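A quick write-up on the structure given underneath.
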Amino acid sequence: MAITSTGFGSGLPISDLVSQLVSAEGAPVQNRLDSREARLQTELSAVSILKSALADFQSSLAQLADVDNFTSRSASSSNSEIASISAEENAGLGSYSLEVTSLATAHKLVGQQGYTDGGTGSLSFSNAAGDSFTVNIGDEDATLEGIRDAINNADDNFGVTATILNLASGPRLVLTADDTGADNRITSISSTSTNGDLSVFDYDFAAAVDGDDANYDQVTAAADAIFSLEGQALTSASNRVDSVISGVTLTLKDATETGKPVTLTVGTNTINAKTMIEGFVEAYNELQSLIAQQTAYDPDSGRAGALQGDALTRSVQGQLRTLLSGSYNEGGGITALANLGITTTRSGSLEIDSSKLTAALADNFADINAFFSTEETGFASRLDAMLETYLQSNGTFDSRTDSINSQLDRIDDDRESLALRLEKLETRLLNQFNAMDAVVAQLGSTGNFLTQQLASISQIQNFRNSNNS
């Protein structure tokens, strides 16, 4: 402080006395502000935790509110080694009998003639679909490796991959169609030589015997898959068939044995739906547990949760209970959570009768979809909308948080005001004590003077008395 005192006149510890008096004056107010701030900080933290928990719970509703999650399909094959199946959300429900006679294959030729490096010119390729491309063989390409690379790198290559097979008799060119099916058969290779001889690469499927000619052995013939579905004969250039059943893709892997068809089934994805419903119940129970903790009262310790008796929390709980016990999808087979085997316990949590839920999913899948995800009126949609009023920007929780922060700001202002008031009090007390100290010092000086004067008078009197005697 600007004004200090050592108490020279009175001998009193003025600074200590003033400090104690100022502290005594400010302590009750400071304690009250500290207590209020601690309470508000606890409340702010609890409100933030509750908001976060509600947001997590709302996220668990997103899947239930999405109608697409209830139109998803499960697809199964009775023998996935013969054929597998996948289904899109729009696939029709049903069961199909599949027999596979043969798979689609890609054409493969292995050259049987050796090649002497140095040949230049061109090679022209054609396939059964009528596609063609030409490769120019220059001096830099005049090796078997160079010809291989020139074929693979041709910009208009319609789908032929060249490799080299190293045999004891020498290297051979191998040509493989990139795609399966009869239309991708290599039908001809014709050469034009400008230097050396490129005719060892010529091929004419029409003149070949079972695909073999003087220059190539046909290792694999090009063929479409042959199969039947529901007794109807079908073919496919690919073993991946997605055009026969709308929204369904079949992958053929092997031929079936005679009289042993594969059963393909497209059904509703009840497992996924059950998982979503169970996840919702779990999320709700976690929310209820947190609210119970924040609103509990312990009679033994006398301590109450931060949100005990809180109006906002009571409002959230009340609306949740109302929605959980409500009726939705009027006229449908599923109108309440109880129809799904979901009931409320005495503690307020939810519990599931798993067998009842499984039966409901099997018997009333469409109604369950409508119950949860009908826009605006479905259970999940209504619950999501209710939560959004609390959680949205500038919603109820934001307003509550702003209110608490405003109160905390006022506490800071009150502390500043208290500090100024105590500073003025300290200044005033120091001035008063210093003034007192000055008076005491002056009185002490006067007392000393009088004492000296009295002592002198006493000495004079003594002197006179001794002379008279």
| message | Suppose we filter the stretch 382-421 for residues that are at negative phi and not in a helix (DSSP H, G or I); how many remain? | response | 3
| remark: How many residues of the stretch 51-74 are among the hydrophobic types (A, V, I, L, M, F, W, C) and in contact with a strand residue (DSSP E or B) (Cβ under 7 Å, 6 or more places away or on another chain)? The answer is 0
| query | Out of all the residues in the stretch 18-35, is one or more farther than 30 Å from LYS260 by Cα, without any contact (Cβ under 8 Å) to a residue 40 or more places away in the chain, exposed (fewer than 15 other Cβ atoms within 10 Å of the Cβ) and within 25 Å of the chain's Cα centre (by Cα)? | reply | no
| field | Residue among LEU422, LEU408, LEU430, LEU443 that alone is modelled with pLDDT under 90 and in contact with a Leu (Cβ under 6 Å, 6 or more places away or on another chain) | value | LEU408
| field | Residue that is farthest from ILE189 (Cα to Cα) [pool: residues in the stretch 88-119 that are under 52 Å from the mean Cα position of the chain (by Cα) and modelled with pLDDT under 90] | value | LEU93
| said: Among the residues in the stretch 215-223, are any on the phi > 0 side of the Ramachandran plot, surrounded by 15 or more Cβ atoms within 10 Å (Cβ to Cβ) and not aliphatic (A, V, I, L, M)? | reply: no
| field | Criterion: surrounded by fewer than 15 Cβ atoms within 10 Å (Cβ to Cβ), more than 26 Å from ALA129 (Cα to Cα) and not basic (Lys, Arg) - qualifying residue of GLN288, GLN293, GLN232 | value | GLN293
| said: So for the stretch 61-70 (the condition being among the small types (Gly, Ala, Ser) and either outside any helix (DSSP H, G or I) or not assigned by TED's automatic domain parsing to the domain that holds GLY279 (or both)), does at least one residue qualify? | reply: no
| said: I want to confirm something. Restricting to the stretch 252-310 and keeping residues that are among the charged types (D, E, K, R) and closer than 30 Å to SER238 by Cα, which single residue is nearest to the chain's Cα centre (by Cα)? | reply: LYS253
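The values are calculated or read from the model by the stated rules, or taken from the named source; none is laboratory data. The model shown is predicted, which means the values in this text are computed figures rather than measured ones. Using ideal geometry, Cβ is built from the backbone for each residue, glycine included, and neighbour counts are taken over all protein chains shown.
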